[in-house]
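Inspection log for the structure reproduced underneath, given as C-alpha cells.
The values are calculated or read from the model by the stated rules, or taken from the named source; none is laboratory data. As the structure is a computational prediction, the values presented were derived from the model and not from experiment. Here Cβ is always computed from backbone atoms with ideal geometry, including for glycine, and neighbour counts include all displayed protein chains.
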Amino acid sequence: MRLPAALLTLGLLLLPATQAQQGPTAPPAPASPSAPRAAEPPVSEETAGCVEGQETSCTELVRTGDDGKERRITIVRTGTSDETGIDAVCGPREGEPEGTPTLLVLSESGPRGIEIRIDKNLIRVPLAIVTQKDGGEGRKSDGRIQASAGSARILDEVPEGATERLALCGVEATPKPVPDTVLVTQGRTQLKGQALVYDEADGVARIDGPITFARENGTESLSGQSQRIEVNVDAETTTLVGAVTLNSAGGRVSRAARVEYDDARNLARLIGTPEQPAESIRGGDKLTAGMILYDLDRNEVYAVKAEGGTITGEFVEETTPAPTTPTSSSTPPVQTPQQP
C-alpha cells in the first residue's frame, strides 16, 4: 500500500488503499508490517502501558526527571475500525533537519475514545495530536500532547501548496475544545474538562475548564468545580487550580485557590493564599487556614499551620436537650440517686 509522504502505520492503520495517495515531493514511507497478532484483552483502567501484539494502536512518551527516574505517558486508540477513527504517524520528511519530531494523530469516536494515562489519571478524549521527539538509537522520548474533542481524517490527496506538516503527510486534524469532553478518572473520582495540553518543557499536563468534579462515597460523596487541572508528571501530583469548591453530600463546603488531590490516599490538600485562605464550613463550624487536609472518606478536615500563618475557627456547640419524663405507664420513671 502506498501512503502519502512519511505517513506510516501505528499498530494497525485501518484505512482502505484508495484513501492513500502519494505525496508530491517525497517518496512514501513503507507501511508497518502486519505480523500475526496474539489475542489481547482490551485496554482497561487496570491495564497500563503498551503491550506488544495488542490490536489497538499505542505509543508512549518517556520523560526522565531531574531525579533520573523515567515516567511514561501512554496514548492508546481503543478502536480498531477505520469507521470510528484513524491512527496515523507523520515521520520526518526527506530534507528535514536531524531531530525533527514525529507527529501522531489518533482519533476515536467510540465510547472509550483515545485513552491517555498520566500518573494516576486515566484520561479519555476523542482526538489526540502527539509530538514525539527522537531519543536516539530507537529509544522513545518525551514530547507534547494536544487533546480535545474534534475530528481527523486521511485526505484523498495532499492539498496544493500545503506547507503544514500534517497536510504534507495527507492528514487533517481539527481540534475543537468542548466542555465535558475530556474525561479524567482517578480511582472513584471523575473530572471533566474541555482541552488538554502536555508539554515536555515543564512536564505538566494542563486541562482547561470549566472543570467539574464528582466522587462517589455514599452519604459523603463529593462534587465541585475549578478553573483547570494540572498534572505534574515529575512530582506525580494532580492539582485542581483556581476558585476550587468542594461540596460534600453531608453538607461540608470547602474552598481554596489550589487543591492537591490523591484519590488512592483518600486525601485532598487545600492550599490557600494570603488573599484567599483555605476554608471548610459545615453547619455552624468554620475552619480557616493556610492549608487544610481533607480526609475524603471520613469527610473530616485538619488545619495545618504554615510558617507565619494563622488558623482560625468558629465552632457552634451543640446543646443536649434535657430528658423528658416518660409518659408511658409501662415504663418506670427515672429515679434520681440520693446523696448518702
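Answer with yes or no whether Lys133 is in contact with a strand residue (DSSP E or B) (Cβ under 6 Å, 6 or more places away or on another chain), assigned to a strand (DSSP E or B), closer than 30 Å to Thr239 by Cα and at pLDDT below 90.
Values: in contact with a strand residue (DSSP E or B) (Cβ under 6 Å, 6 or more places away or on another chain): yes; assigned to a strand (DSSP E or B): yes; closer than 30 Å to Thr239 by Cα: yes; at pLDDT below 90: yes.
Considered against the rule, which asks whether it is in contact with a strand residue (DSSP E or B) (Cβ under 6 Å, 6 or more places away or on another chain), assigned to a strand (DSSP E or B), closer than 30 Å to Thr239 by Cα and at pLDDT below 90, Lys133 comes out as yes.
Of everything in the range 90-140 that's in contact with a Pro (Cβ under 9 Å, 6 or more places away or on another chain) and among the acidic types (Asp, Glu), which residue is surrounded by the fewest Cβ atoms within 10 Å (Cβ to Cβ)?
Per the stated criteria, the residue is Glu98.
Against the condition on the phi > 0 side of the Ramachandran plot and free of Cβ contacts under 8 Å to residues at least 24 places away in the same chain, how does Gly68 come out, does it pass?
yes
Considering every residue within the range 153-169, establish whether at least one is under 24 Å from Ala195 (Cβ atoms), small (Gly, Ala, Ser), out of contact with any His (no Cβ under 6 Å at 6 or more places or on another chain) and part of a strand (DSSP E or B).
no
Name the one entry in Asn266, Asn232, Asn299 that is among the polar types (S, T, N, Q), at pLDDT below 95, under 27 Å from Arg117 (Cβ atoms) and outside the structural domain of Glu70 (by TED's automatic domain parsing).
Matching residue, one of Asn266, Asn232, Asn299: Asn266.
For the range 204-253, which positions are buried (at least 17 other Cβ atoms within 10 Å of the Cβ), assigned to a loop (DSSP other than H, G, I, E, B) and among the hydrophobic types (A, V, I, L, M, F, W, C)?
The one that is buried (at least 17 other Cβ atoms within 10 Å of the Cβ), assigned to a loop (DSSP other than H, G, I, E, B) and among the hydrophobic types (A, V, I, L, M, F, W, C): Val233.
Does the range 169-202 hold any residues that are buried (at least 19 other Cβ atoms within 10 Å of the Cβ) and either among the β-branched types (Val, Ile, Thr) or on the phi > 0 side of the Ramachandran plot (or both), and which are they?
Hits for the range 169-202 are Gly170, Val171, Thr181, Val182, Val184, Thr189.
Can you say whether Thr74 is surrounded by fewer than 24 Cβ atoms within 10 Å (Cβ to Cβ) and under 14 Å from the mean Cα position of the chain (by Cα), as far as the supplied structure shows? Explain how you work it out, then say what you get.
Details: surrounded by fewer than 24 Cβ atoms within 10 Å (Cβ to Cβ): yes; under 14 Å from the mean Cα position of the chain (by Cα): yes.
Yes; evaluated as a whole, the condition is true for this residue.
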